[in-house]
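This report concerns only the one structure given below.
The values are calculated or read from the model by the stated rules, or taken from the named source; none is laboratory data. As the structure is a prediction and not an experimental result, all values here were calculated from the model. Accessible surface areas use protein heavy atoms only, side chains included; no ligands, DNA or RNA. Shrake-Rupley method; radii C 1.70, N 1.55, O 1.52, S 1.80 Å.
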Amino acid sequence: MMKLILVLLSAMLCMSSTSVNAFAPSFPTAPVRSATLQFTTPSAPISTSATSTTLFGKKAARAQGNARKGKSERVKKVKDDVIEVEATVIESLPNAMFRCTIDGAPETQEPVLATISGKIRKFFVKILVGDKVTIELSPYDLTRGRITFRKR
């Protein structure tokens, strides 16, 4: 019994005398602050100028969209497997299909059968005969395409 008490006392003495705590985190901890609150007034006015911060995820995408709002040029994702050409609508067909001639192509080339892309369909952009459009052609079938933009 006496040995047990002696071992416990020595263990307690050892833990209290050393600064190492077995249950403490291995990184240095910040000093503990007191619970009293101190309110101070700023000596210099707070600057409202924009600071450069790094944004991630949705906020970064929204910031890019907001930066593009004032610009008049069209920003578009680059696709590797698509051929983009300028064309003129020569005939309107049912089911949002159009027959288009590619600008700068020889007269012997047959017209491209093009349909409306999803964004143009979503925003109800009207395409009429004679409109200049941008068409995406698949490298596998150059006679069919997708109208992705109507020129103003």
For this session: Tell me which residues come under 5 Å, amide H to amide H, from D131 once H is placed; ignore anything under 5 positions away on its chain.
Result: V89
Seminar exercise, completed: Sorted by chain and number, the residues with a modelled amide H under 5 Å from that of I116, at a separation of 5 or more or across chains, are I147
Problem set entry | Listed pairs K59/K126; K126/K151; K77/K151; K69/K151; K58/K126 exceeding 22 Å between Cα atoms | K59/K126; K58/K126
Problem set entry | Heavy-atom accessible area ranking, 1.4 Å probe, most first, across K59, K132 | K59, K132
Exercise. When the accessible area of segment 89-137 is computed with all protein chains present and a 1.4 Å probe, what percentage of it is carbon and sulfur?
Worked result: 59
